[in-house]
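K.L.:
Once you've had a glance at the structure underneath, I'll fire off some questions.
The values are calculated or read from the model by the stated rules, or taken from the named source; none is laboratory data. Note that the coordinates shown come from a computational prediction; the quantities given were computed from them, not determined experimentally. We place every Cβ from the backbone using ideal geometry, glycine too, and count neighbours over all the protein chains shown.
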Amino acid sequence: MKISRRHFIGSSGSLFLMGSPSTNVRAQSLGKRNLIVISLKGGMDGLAAVPYLGDDSLRKARPNIQVNTKLKLTSEFYLHPKLSSIYQLWKENKASVIHATSIPYTGRSHFEGQNLMETGGDSPFEYGTGWLGRGIDVAGLEGLAISLPMPILLRSNQNPDNFYPTTRPLPSDDKLDMILASYSDAPLLSQTMKKVINRPINLMEGIVAGQNKNKSADTETLTHIAGEELSRNDGPRIAVLEIVGFDTHASQGGEDGQHADKLGSLDRVFSNLKKGLGDAFDNTLILTLTEFGRTIEQNGGYGTEHGYGSAIIAAGGLLKKAQVYTDWPGLKKKDLFEGRDLNVTLDARSVYCAAMAACFDTDFEKLRREAFFGANLKDVTTDLFNV
């Protein structure tokens with residue numbers, strides 16, 4: 001089953017839920033494992049979210065947007081104070097950071113970078129499917145999407161189905177019967193459709209009504225609901241969230257400001273997911289995704305420009321341990337990419353491939369070949385996740 005929903009006020013973000021039965025017998029025996037991907041559009045500043053204080057390079061490069069109040073992770077790495085819920089998860093051994101990582105894109109264009117972070121390819125606009133959608137195919141998952149439009153990240157060759165009730169009330173019974181009949185040759189999808197019609201649409205109606213009544217209903221509110229849906233044994237097992245606004249060219253701020261506000265929103269999303277998931281959090285993996293990082297130096301508007309290396313923030317009971325996983329390249333001028341950006345020592349696609357291997361109980365090499373077109377990726381599955 002694939003259930004997704006995209007309805008947020010303004011540009012606050014998007015939420016897509018997906019769940020499906022699996023033909024992977026071993027995966028079924030392991031029980032339901034949830035994978036949540038949070039897309040941070042605009043270029044999340046990994047050096048602000050997880051500052052490196054092993055030397056004074058960052059302080060010198062950012063005198064006016066320095067993060068002065070920090071949450072200590074290790075002797076060299078700290079967490080932004082707005083990420084207090086994630087810090088609590090760290091102390092519970094259920095949060096990690098993968099640093100000095102990014103997708104292999106250095107062109108600094110949002111349009112190209114966001115396309116590549118979803119498709120998982122090497123060339124912008126070359127593919128019409130996403131790495132998560134292709135990974136779902138490899139794992140033998142199938143289903144139906146409710147969204148308009150389906151994000152590239154979830155698109156695949158095997159699961160293109162899309163049902164979206166654009167009018168209220170819902171279509172008449174005879175029209176719904178016609179929809180169900182079109183899935184007569186796919187019993188699992190027909191069953192999914194019945195579930196979609198009988199329950200999740202009502203949930204979606206409630207979400208829409210709540211937003212009309214209270215304009216503050218946004219990503220944070222819906223993620224609590226998403227957590228509750230993911231916690232059900234027969235509910236979705238995959239969620240994709242989007243938070244926009246990380247493109248802080250001016251007035252970025254340090255522990256407060258535009259970027260800090262976005263990190264605060266991200267932190268509440270993690271917190272709400274954990275609350276909604278309940279005990280299912282122990283069988284869940286949450287990962288962030290962004291198109292690139294930011295320059296190490298602040299600009300004249302007290303912001304940062306498009307960069308290269310960033311960080312992935314991860315949480316959930318499927319993490320091996322709390323750790324900052326990195327082959328740190330350093331922040332001295334000679335160590336920077338093109339003399340201006342945090343360099344990358346790990347292809348971020350390695351992390352996402354490993355995450356699917358852990359959550360879908362599918363061979364990393366097969367996912368590497370089929371979901372990432374045979375890219376040269378490092379298998380970090382056992383380094384990062386419980387398998």
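K.L.:
Considering only residues of the stretch 276-304 that are hydroxyl-bearing (Ser, Thr, Tyr) and part of a loop (DSSP other than H, G, I, E, B), which is nearest to Ala355 (Cα to Cα)? Reasoning before the result, please.
P.N.:
Here is the first cut: in the stretch 276-304, the ones hydroxyl-bearing (Ser, Thr, Tyr) are 284, 288, 290, 295, 302, 304.
Next, from what is left, pick out any that are part of a loop (DSSP other than H, G, I, E, B): 302, 304.
Working: Tyr302: 36, Thr304: 30 Å.
The extreme case among them is Thr304.
K.L.:
OK, next. I want to confirm something. Restricting to the stretch 46-87 and keeping residues that are of a type in the set (Val, Ile, Thr) and either surrounded by 21 or more Cβ atoms within 10 Å (Cβ to Cβ) or touching a helix residue (DSSP H, G or I) at 6+ places or on another chain (Cβ under 6 Å) (or both), which single residue is modelled with the lowest pLDDT? Step through it out loud before you land on a result.
P.N.:
Narrowing the stretch 46-87 to residues of a type in the set (Val, Ile, Thr): 50, 65, 67, 69, 74, 86.
This time we only want the ones that are either surrounded by 21 or more Cβ atoms within 10 Å (Cβ to Cβ) or touching a helix residue (DSSP H, G or I) at 6+ places or on another chain (Cβ under 6 Å) (or both), so: 50, 65, 67, 86.
Numbers: Val50: 98, Ile65: 97, Val67: 94, Ile86: 98.
Among those that are of a type in the set (Val, Ile, Thr) and either surrounded by 21 or more Cβ atoms within 10 Å (Cβ to Cβ) or touching a helix residue (DSSP H, G or I) at 6+ places or on another chain (Cβ under 6 Å) (or both), it is Val67.
K.L.:
How many residues does the stretch 362-378 contain that are within 18 Å of Arg134 (Cα to Cα) and surrounded by fewer than 19 Cβ atoms within 10 Å (Cβ to Cβ)?
P.N.:
First, pick out the residues of the stretch 362-378 that are within 18 Å of Arg134 (Cα to Cα): 362-377.
Still in the running and surrounded by fewer than 19 Cβ atoms within 10 Å (Cβ to Cβ): 363, 365-366, 369-370, 373-376.
Result for the stretch 362-378: 9.
K.L.:
Tell me whether the stretch 345-359 contains one or more residues that are more than 30 Å from Leu58 (Cα to Cα), exposed (fewer than 15 other Cβ atoms within 10 Å of the Cβ) and either in contact with a strand residue (DSSP E or B) (Cβ under 9 Å, 6 or more places away or on another chain) or hydroxyl-bearing (Ser, Thr, Tyr) (or both). First the steps, then the outcome.
P.N.:
Restricting attention to the stretch 345-359, the residues satisfying the condition of being more than 30 Å from Leu58 (Cα to Cα) are 353-359.
Okay, now just the ones that are also exposed (fewer than 15 other Cβ atoms within 10 Å of the Cβ), so none.
Checking the stretch 345-359: not a single residue is more than 30 Å from Leu58 (Cα to Cα), exposed (fewer than 15 other Cβ atoms within 10 Å of the Cβ) and either in contact with a strand residue (DSSP E or B) (Cβ under 9 Å, 6 or more places away or on another chain) or hydroxyl-bearing (Ser, Thr, Tyr) (or both).
K.L.:
Need the failing condition index for Gly278 against (1) surrounded by fewer than 19 Cβ atoms within 10 Å (Cβ to Cβ); (2) on the phi < 0 side of the Ramachandran plot, just the number.
P.N.:
So Gly278 meets the others, but not (2).
K.L.:
Could you please let me know if Ala311 is in contact (Cβ under 8 Å) with a residue 40 or more places away in the chain, in contact with a Leu (Cβ under 6 Å, 6 or more places away or on another chain) and not hydroxyl-bearing (Ser, Thr, Tyr)?
P.N.:
Working: in contact (Cβ under 8 Å) with a residue 40 or more places away in the chain: yes; in contact with a Leu (Cβ under 6 Å, 6 or more places away or on another chain): no; not hydroxyl-bearing (Ser, Thr, Tyr): yes.
Answer is no for this residue.
K.L.:
Could you grab me the full set of residues in the stretch 75-110 that are more than 18 Å from the chain's Cα centre (by Cα) and assigned to a strand (DSSP E or B)?
P.N.:
Those that are more than 18 Å from the chain's Cα centre (by Cα) and assigned to a strand (DSSP E or B): Phe77, Tyr78, Leu79.
K.L.:
Taking Thr101, is it touching a Leu at 6+ places or on another chain (Cβ under 8 Å) and at pLDDT 95 or above? Break it down stepwise before answering.
P.N.:
Details: touching a Leu at 6+ places or on another chain (Cβ under 8 Å): yes; at pLDDT 95 or above: yes.
Yes, satisfied.
K.L.:
Evaluate the stretch 127-147: report whether one residue or more is of a type in the set (Lys, Arg) and at pLDDT 90 or above.
P.N.:
There is at least one residue in the stretch 127-147 that is of a type in the set (Lys, Arg) and at pLDDT 90 or above.
K.L.:
From the set of residues in the stretch 111-130 that are in a helix (DSSP H, G or I) and more than 10 Å from Leu154 (Cβ to Cβ), which is nearest to the chain's Cα centre (by Cα)? Write out each step before concluding.
P.N.:
Applying the first criterion (in a helix (DSSP H, G or I)) to the stretch 111-130 yields 111-119.
If we keep only those that are more than 10 Å from Leu154 (Cβ to Cβ) too, we end up with 111-117, 119.
On the way: Phe111: 18, Glu112: 18, Gly113: 15, Gln114: 12, Asn115: 14, Leu116: 14, Met117: 10, Thr119: 13 Å.
Only one residue tops the list, namely Met117.
K.L.:
How many residues does the stretch 245-262 contain that are touching a helix residue (DSSP H, G or I) at 6+ places or on another chain (Cβ under 9 Å) and either modelled with pLDDT under 95 or outside any helix (DSSP H, G or I) (or both)? Steps first, answer last, please.
P.N.:
First, pick out the residues of the stretch 245-262 that are touching a helix residue (DSSP H, G or I) at 6+ places or on another chain (Cβ under 9 Å): 245-248, 250-254, 259-260.
Next cut, either modelled with pLDDT under 95 or outside any helix (DSSP H, G or I) (or both) only: 245-248, 250-254.
Adding up the residues that qualify gives 9.
Residues checked against (1) of a type outside the set (Val, Ile, Thr); (2) under 23 Å from Leu346 (Cβ atoms); (3) in contact with a Pro (Cβ under 7 Å, 6 or more places away or on another chain):
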| position | (1), (2), (3) |
| --- | --- |
| Arg62 | yes, no, no |
| Gln66 | yes, no, no |
| Thr69 | no, no, yes |
| Leu73 | yes, yes, no |
| Glu76 | yes, yes, no |
| Ser85 | yes, no, no |
| Lys91 | yes, no, no |
| Thr101 | no, yes, no |
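K.L.:
Considering only residues that are closer than 28 Å to Asp122 by Cβ and basic (Lys, Arg), which ones fall in the stretch 263-302?
P.N.:
Once the filter is applied, which keeps residues that are closer than 28 Å to Asp122 by Cβ and basic (Lys, Arg), the stretch 263-302 yields only Arg294.
K.L.:
How many of the residues making up the stretch 99-125 are out of contact with any strand residue (DSSP E or B) (no Cβ under 9 Å at 6 or more places or on another chain) and surrounded by 15 or more Cβ atoms within 10 Å (Cβ to Cβ)?
P.N.:
Going through the stretch 99-125 one residue at a time, the tally reaches 9.
K.L.:
Can you give me the number of residues within the stretch 60-84 that are within 19 Å of Ser310 (Cβ to Cβ) and basic (Lys, Arg)?
P.N.:
The qualifying residues number 3.
K.L.:
Would you check if Val324 is at pLDDT below 95 and surrounded by fewer than 23 Cβ atoms within 10 Å (Cβ to Cβ)?
P.N.:
So Val324 does not fit the description; no.
K.L.:
At least 2 residues that are of a type in the set (S, T, N, Q) in each: list the helices (runs of 4 or more DSSP H) lying fully within the stretch 305-387 that qualify. Before you say what the answer is, go through the steps one by one.
P.N.:
On the way: elements: 348-360, 364-371, 381-384.
Hits in the stretch 305-387: 381-384.
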